[in-house]
Structures are given as C-alpha cells and as structure tokens.
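Enquirer: One structure, pasted below without further comment.
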Amino acid sequence: VLFLQIVHILNMTSAKIVSFLLHPEESLHSLQNRIEFETGISTGNQELLLETGICLDPRKPASQCVIDGVRGWDSYMVYLFDKSKTVYDGPFASRSLSDCVNYIVQDSKIQLPIPQLRKVWAEAVHYVIGLKEDYSRLFQGQRAAMLSLLRYNANLIKMKNNMVSASQQLKAKLEFFHQSIRLDLERYSDQMAYGISSEKMLKAWKEMEEKASQCAQAEDIGYLDEQIMALHTEIVELQKSPYARRQGEVMESLEQKAIELYKQLKARPPDHAYSDSTDMVKIIVQTVQSQDRVLKELFGHLSKLLGCKQKIIDLLPEIEVALNNIKEADNSVMQMQGKRQREIWHLLKIACTQSSSRSLVSSSLEGTASTPAATWLPQSCSGNSAPHPLSSLAAPEDGENFADMIRENVNYLELFSSILQEVRQEQNSMMVS
C-alpha cells in the first residue's frame, strides 16, 4: 500500500476533489484523459498547477504530481484550471451534512441523551473542521494561480525590456543613418560640378532615406508599453488586495468554539441527563455563512487573476511580432548603411584612379616637352663641341628615377587606402555599438 501513488486533483471550477491511482510509468497525457472523463474539461483546456504555481511538464511522467516520501502524501494537491474560462462564479455546493447532524440542525432544541449527543457533536465538529479545510485548499489553489500569474508577468517584463532595448538601439541607428546620409548628400551635391556624378546612385540614396523613415515605424512601441504598464499596475493592486491574503480567521475561531463545546460535553458524566444542540447548531450555521462569504470573495479575486493572466497570454504574441519588426528594420538599416559605404568606396576608387591617370599623363607630357628643347639647342650655347643628337635623350638614370617616382606614388596610394579602411572599420564599430 505504501508504494501506491495516488494523485489528488482539486477542480477549481467546481471546488471538488477527484483522486486517481497512478499506473506505473503513466504519462501525463494519459492522466489528463482520465481527468477529462471525470471533470468534462478537455485536455487542451486543462492547466494543472503545483502549489508553487509551476505548470506540470507534459514531457515528464504523471508521477511528478506526487511528492516523495510518506509524510503529507495524502494531503498534497494539484490544482486544475479551465483555460477556456476566466470567470469562476460557481455555484459551489458545500459538503453535505450527515444524517445525524442534519437531524439536530432541523431541530436544534430537541433533547438527546448525553452519550448519543457526544456522537452527534463529534460529527458536527468534524463537519465544521471540514468546511475550514475546504476553504484552505481553495485558497491554496488561488495562491497557486497568483504565483503562476507572477511567473507569466516576469516573462512579460523580460520580453518588454528586450523590446524597449531593441527599439532604442534601432532609434539610435536610424538617427545616425539619417545624419550620415544627409551629410553624404550635401557633400555629393558640392562636388557634382567638378567631381564625379551618378544619377543612379543619387536616386538610390534618396530611396534609402525614405526607406529609413519607414523603418522608424517599427520603433513605435508606445501602445504596447502603455498596455504592459497598465497590466503591471493591475497585478500589483491584486497583490495588495486583502482578498489575496487568507480570510479564514472567522472560520478558525468557529472551529475552536466547536471543539471547546465538544470538550465540555465530553467532560459531563454519562448519566441519564438530556441536553439540546442549540449552541452547536449556531456554530454550524455561522461556519456555513462564513464559508459562503469568503468563497465569494476568493473566487471573485481568482477571476481577476485569471483575467490578467489571459491579457498577458494575448500580449505575448504582439510583443513577439513587434520584436521581429524591429529586428527586420534594424537589419534593413545596417544593409543600407553597408551598401552606401560600399558605393562611397567605389566612388573613391574611381576618383583615385582618375587622379593617378592624370598624374601619369602630366608627367609624360612634361618629359616629352623637355626632350626636343635639349636636342635642338644651338651649337653656340653648347660649348666648343656640339653634342651628339642622341645624347640629349633620357639616360638610364632618368628612367630609373621615373620608375621610382611611380612606385612611391603607388606606396602613397596604398597608405591612403589603408587609412580609409581603418576609418571605415571605426564607423562600422560605432554603428554596431
């Protein structure tokens, strides 16, 4: 018997307990099918919570519902909620009276012998204790729902922080991109008259600027932020509510009074005396009335908890969509930034090529202009003997100097390119940060 595993399920929609004997290695899905047969709640709408507010893991066996060890195994509860309902308003029937207790309730002034009265009052005390324990279990179920709500809220806050952080990064990148492209367009316009011009590239840059303005719509998450903050305030108010705390003090007091009455009756000698049950019936009626009141408050508060939880469940996909839109806009901005930088470097390459070509052409023209002048100098200006006409052509040393000059220019160009590459890397690092 000690090795048997029995799980007790408290159905929060009906306030009734159903118990199941678990089969060895039974899956949670199998247990849910049995719960559906007993309660009418479909497996898809079942939410099974432990006392800590943790939802049962469908990947683990059904034995996760049972605590290890002997102590407390028979009082450990798993709380069943119906996902399709957010309002729990009953009616919730109290536990039924036994025949003998119902007999004294119907006529509290009836006289009974002390030995018989002891038995009746013992059952009456058990009934009062049972009403208090029923409320305690339901309150523990409400507490499990609150802890589950706080877990959902923690996940919501985490996603909200990620969304806000991504939105702020996108906003910063968009501001940087707009400032950069405006400066590029201004500088491009200044050099068009004497430098390089490309209508296709200019049109592409202006389209980038318009597309960046459209990407700014993704960073607008104000409407979601307002909903999350309002929901967070509502959850805090529910935590502060007096109905979030145990309300069974009156029932516990009545329980103690019932026990004291029974002790007083038990102390009386079992003689032939008779007594009525007026005081005990009064306690029973007060306990039932107190339970009705606290259960109404409990389930009203539970309905608010479940309503907030449903709002979180509805908000999570919207936040996910907003995060995806922000990521897509971010990637688009970075791609446009990279494309524009590649085009700028392409322009710089063309400008450097044209500058090198012009330098080489001017150097060649200067060399060819000086050669005829040296060749056709008058003999009177050349000393006593006239030089050979070929002696004024470029000597091998002059050719070597010209090659050295070209290599030096190439070295300077490579150095300039490396400097620009470092500047580009710094810009990329600034964009990423």
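Enquirer: With label points built 7 Å along Cα→Cβ from the Cα atoms of GLN191 and GLU414, find their separation and express it in nm.
Expert: In this crude label model, GLN191 to GLU414 measures out at 2.4 nm.
Enquirer: If you don't mind, another one. Compute the accessible area per residue over the range 99-356, keeping the other protein chains in place, probe 1.4 Å, unit Å².
Expert: 55
Enquirer: Continuing with the same structure: Using a Förster distance of 35 Å, how high is the FRET efficiency between VAL236 and GLU328, based on the Cβ-Cβ distance and rounded to 0.05?
Expert: So the FRET efficiency works out to roughly 0.55.
Enquirer: Follow-up question, since we're still on this one. Leaving out ligands and nucleic acids, note down the accessible area per residue over the range 6-82 with a 1.4 angstrom probe, in whole Å².
Expert: 52
Enquirer: Considering amide H positions built from the backbone, and no H for Pro or chain starts, which residues 5 or more places from SER27, or on another chain, come under 5 Å of its amide H?
Expert: Here ALA62 satisfy the definition.
Enquirer: Taking a threshold of 30 Å on the Cα-Cα distance, which of the pairs LYS160/LYS304; LYS132/LYS240; LYS240/LYS296; LYS132/LYS304; LYS16/LYS119; LYS83/LYS282 fall above it?
Expert: From LYS160/LYS304; LYS132/LYS240; LYS240/LYS296; LYS132/LYS304; LYS16/LYS119; LYS83/LYS282, over 30 Å: LYS83/LYS282.
Enquirer: While we're looking at this one, here's another question. What FRET efficiency would be calculated for the residue pair LEU348, ASP225, taking the C-beta separation as r and a Förster radius of 41 Å, to the nearest 0.05?
Expert: 0.40
Enquirer: Assuming R0 = 51 Å, can you tell me the calculated FRET efficiency for the pair LYS266 and GLU297, based on Cβ-Cβ distance, to the nearest 0.05?
Expert: 0.90
Enquirer: Enumerate the aspartates and glutamates that LYS203 could reach by cross-link, defined here as Cα to Cα under 19 Å, with residues fewer than 8 away along the same chain left out.
Expert: ASP184, GLU186, ASP190, GLU343
Enquirer: What are the ³J(HN,Hα) couplings of the range 303-308, residue after residue, when phi is run through the Karplus curve with 6.51, -1.76, 1.60 and θ = phi - 60°? Round to Hz, x for glycine and proline.
Expert: Coupling constants for the range 303-308: 5, 5, 4, 5, x, 5 Hz.
Enquirer: Give me the net charge of LEU170's neighbourhood, meaning all other residues with Cβ under 14 Å from the Cβ of LEU170; Lys, Arg count +1, Asp, Glu -1.
Expert: Around LEU170, the surrounding residues sum to -1.
The values are calculated or read from the model by the stated rules, or taken from the named source; none is laboratory data. Since the model is a prediction, treat every value here as computed from it, not as a measurement. For neighbour counting, all protein chains shown are included, and Cβ atoms are generated from backbone atoms with ideal geometry for every residue, glycine included. Surface areas here come from the heavy atoms of the whole protein model, side chains and all, with no ligands, DNA or RNA. Shrake-Rupley method; radii C 1.70, N 1.55, O 1.52, S 1.80 Å.
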